[in-house]
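Let me begin by presenting the structure, written as structure tokens, before commenting on it.
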Amino acid sequence: MIDIISKSNIFSKSKYGKLYHHSRSFIGCFSIYPRNSIDWVCFKQWKEYVNTDVTKSIADNFIPFITNIYDYITTAPPSGNRDLNNYCCFKLCEIISEQTKIPFVISFAKREHKKYHGAMTSITSEPPQLLESFKIENSRLLWIDDFLTSGRTAKWCYEILKSKNNHVDGLIFAHWGTGI
């Protein structure tokens, strides 16, 4: 097992991936997908045991693609088994927020019924719910996620945020077809 504490760069071949539009996706959602250059063992460990150096490495790969002006950064809702104080997507958004000066806001409540990841889990799970405290409307949002399996959660989040008259663009680190 790889010790992710000492392994800060999860990329083995190139620093930056290419930006691809997810072909089955909705308007506004894109994924970064450096297909063969991700150390998947390290990535899976990072998802469970968030490490600041690895999170910064992933954030550094997002930064060159953030070229529009956004009012806020937000992300997908955590699954029911996630520790909110150490949730990988929250930590990723926090570091990107620090580097870009775009405020990070938590928009969705924890999904208590979704405990695991995978295409079938996403397809059968409940839709995300906006936090009652989320009052952002008519804003430009950058929606960030670490991984796309079926795209269902991303689409739901996009539609919910758009229903508040927000402009939503998405950056997703990698997706299901890349080898995880």
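The values are calculated or read from the model by the stated rules, or taken from the named source; none is laboratory data. Since this is a predicted model, take the numbers as computed values, not measurements. We place every Cβ from the backbone using ideal geometry, glycine too, and count neighbours over all the protein chains shown.
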**Item:** Selection from the range 147-172 of residues that are modelled with pLDDT of 85 or more and in a loop (DSSP other than H, G, I, E, B)
**Value:** SER163, LYS164, ASN165, ASN166
**Asked** Limited to the range 151-173, what total is found for residues that are free of Cβ contacts under 8 Å to residues at least 60 places away in the same chain and surrounded by 18 or more Cβ atoms within 10 Å (Cβ to Cβ)?
**Response** 3
**Fill in**
When the range 122-150 is checked residue by residue, the ones that are surrounded by 14 or more Cβ atoms within 10 Å (Cβ to Cβ) and not hydrophobic (A, V, I, L, M, F, W, C) are SER122, SER125, PRO127, PRO128, GLN129, SER139, ARG140, ASP145, ASP146, THR149, SER150
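Do you know which residues across the range 64-98 are assigned to a helix (DSSP H, G or I) and either farther than 18 Å from PHE147 by Cα or touching a helix residue (DSSP H, G or I) at 6+ places or on another chain (Cβ under 8 Å) (or both)?
PRO64, LEU84, ASN85, CYS88, PHE90, LYS91, LEU92, ILE95, ILE96, SER97, GLU98
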**Prompt:** List pairs: first in the range 52-81 and on the phi < 0 side of the Ramachandran plot and small (Gly, Ala, Ser), second part of a helix (DSSP H, G or I) and crowded, with 17+ Cβ neighbours inside 10 Å, Cβ under 8 Å, 6+ apart or cross-chain?
**Reply:** ALA59/LEU92; ALA59/ILE95; ALA59/ILE96; ALA76/CYS89; ALA76/THR153; ALA76/ALA154; ALA76/CYS157
**Item:** Conditions (1) part of a loop (DSSP other than H, G, I, E, B); (2) at pLDDT below 80: number failed by SER122
**Value:** (1)
**Prompt:** Given the residues GLU98, GLU137, which is the only one that is modelled with pLDDT of 90 or more and under 23 Å from THR55 (Cα atoms)?
**Reply:** GLU98
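When only residues in the range 18-71 that are touching a Pro at 6+ places or on another chain (Cβ under 8 Å) and at pLDDT 80 or above count, which is nearest to LYS91 (Cα to Cα)?
ASN61
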**Request:** May I ask you to list pairs of residues, at least six apart or on different chains, whose Cβ atoms are under 6 Å apart, with the first in the range 102-119 being at pLDDT 90 or above and the second being hydroxyl-bearing (Ser, Thr, Tyr)?
**Result:** ILE102/TYR70; PRO103/TYR72; PHE104/SER97; VAL105/TYR72; VAL105/THR74; SER107/THR74
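Report yes if THR178 is farther than 19 Å from VAL50 by Cα, at pLDDT below 90 and in contact with a strand residue (DSSP E or B) (Cβ under 8 Å, 6 or more places away or on another chain), otherwise no. Lay out the reasoning, then the answer.
Numbers: farther than 19 Å from VAL50 by Cα: yes; at pLDDT below 90: yes; in contact with a strand residue (DSSP E or B) (Cβ under 8 Å, 6 or more places away or on another chain): yes.
Yes, satisfied.
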